[in-house]
Every structure is written in C-alpha cells, then in structure tokens.
Amino acid sequence: MTDDKPGAESVVGGALQESIHYHGRKAARAKSETRRRKILEAALEIAAHEGVRGIKHRPVAKLADVPLASTTYYFKDIEELIQDAFMLFAEKANRELEAFYSGLNGLIDRALVRGSLHSLQGRERLAAELATYIARYFVQQIRDNTSSVLTEQAFLAEAMREPGLEPLAQEYRKAWLDGVESIMKRLGTHHPRRDAALLISVVSGMGYDGLLFRERFSSSFVEETLQRVIGMLMGVAPTGGDVTAPETGNLNGTLY
C-alpha cells in the first residue's frame, strides 16, 4: 500500500544529528571558532586527497594557515582532531541528506496529486522521474563534489579500524537507509527496508566506478540502471533503453 499523504514527514537526519558531538576544546569567541573551523576543514581536505591517515598536526596547520600550536590547543591529540573533522563532515552531510530526500518526496507528492501511483503508466512515469533525479544528484556529486565523496569513503573506511568513529559512521549509514526506506514505503514496495538496502548497494557500487572512471562515467548508464532497479521494486517494467554491460578488460573503450 502506498502512502497517500502528500508531504510525508522526513525521517532522515534526526538520529544522525543527535550523534554529532564535538570533543575538542570549545571556542569562546567568534574569531576562535573561525580558526577551529579552518582546522577541521583542512583536515577534511587532507582526508580527501591522502586518506584519514594523512591527517597530522603540521600538515593541517599549514593548510589551514594557522600556528601549529592551534591544532594542539583545540584538540588534545590527532585522534580527537580526526573525530571532530568527521563530526563536521556528518553535520554538513546531514543538511544535504534532508535536501535530497525533500526533493524525492516532492516528486512523490506531485505524483499523488496526479493520481499516478494507482496506474501502471503513472508508476512507470514516477519510476523514471525518481531515477532521473537520483542520477543527476549522484553524477553531480561524483563530478563536481569529488572531494566530499572521497572524504566520505575515507572516513567510513577509517571507522572500520577506529572504534571512536564507529558509532557516528553507523548513524551516517543508517540515515541513508532510513531515508530510502521512507521513500520505499511511500512507493508501496513489498519489502521497504530490504528494497532500500538494495538500492543503496547499487548506488554505492556505481559510486566506486564513478570515482575510478570519472571521465568515462556515463550519466545515461546511471539513469537507465536506476530506472530498471526502481521500476523492478515498484513492480513495473522499466521503460529505459537497454543497458549493455562493458566487456571485461576493455579499458580503452567506454566503460559505461
């Protein structure tokens, strides 16, 4: 059964926001907060280019253009600096998640007004619209916001080794799953939680390929693939073009 209430309340971000707690020294003045923020932003930039293990006091201070002593003033050790950098990343990502799911819910709201969810043709149209929206967002992140995507991957990988990062990383992933599950419930899929996990796995897999084959990463392939998956979950036949898998080992041609 579909959720026929337009403007369904977003379930995204609440638990994630509650998990964001900075550990370093609090800044008492605006100027101090600006310096502390510059340190964390520099740590995120280093994580994107060198991985989390590249975050060290001296490189961070140099990139942030602050005295070396500032990094040890605000953060007692490098682990605390790394944790707070991930907190900042999660805080910014939380706002993006809310905006992303707001856009998806807007498409479903308009489909409900049209009565589209109660006809095969209408559901096919909505599946295509959702695929287009997700693909455009996804490809834009890969192409124009690469540093953020690399930072996300670096911190999630580090959370597998660092217990201090694990709870926030789990809430970050859960926020994605909760958001997609809420969309699946509104679309009336049979197994919303499992369907959400499947869709996230597909997008995550294409994300790795997008980072590896940036110039040869086809937005049309992403859109067609998502339309097939979303259509399948909604119980409608995909209407996108045929997707041809790349030949194994064909690194000179177009991957997608």
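Structure summary
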read-out	value
18 Å Cα-Cα threshold exceeded, pairs from LYS38/LYS174; LYS26/LYS76; LYS38/LYS92	LYS38/LYS174
Label-point separation in nm, GLU80 to GLN170, each point 7 Å along Cα→Cβ	2.5
Listed residue (PHE213, LEU233, LEU199) projecting farthest to the positive dipole end of region 146-242, Cβ model	LEU233
Distance in nm between pseudo-label sites at GLU162 and LYS92 (7 Å out along the Cβ direction from Cα)	1.6
Neighbour-count ranking [beta-carbon atoms within 10 angstrom, fewest first] of MET160, MET234	MET160, MET234
Backbone HN-Hα couplings from phi across region 152-160 [Karplus 6.51/-1.76/1.60, Hz, Gly and Pro as x]	4, 5, 5, 6, 5, 5, 5, 5, 6
Full-extension gain in nm, LEU63 to GLU50, via 0.36 nm per residue minus C-alpha separation	3.4 nm
Global form of region 102-223, assessed from the alpha-carbon gyration tensor, a/c cut-off 1.5	oblate
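Throughout, read-outs are computed from the coordinates displayed, never taken from laboratory work. Predicted, not measured: the structure shown is a model, and the values here were computed from it. Quick reminder, even Gly has a Cβ in these numbers, built from the backbone with ideal geometry, and neighbours come from all protein chains shown.
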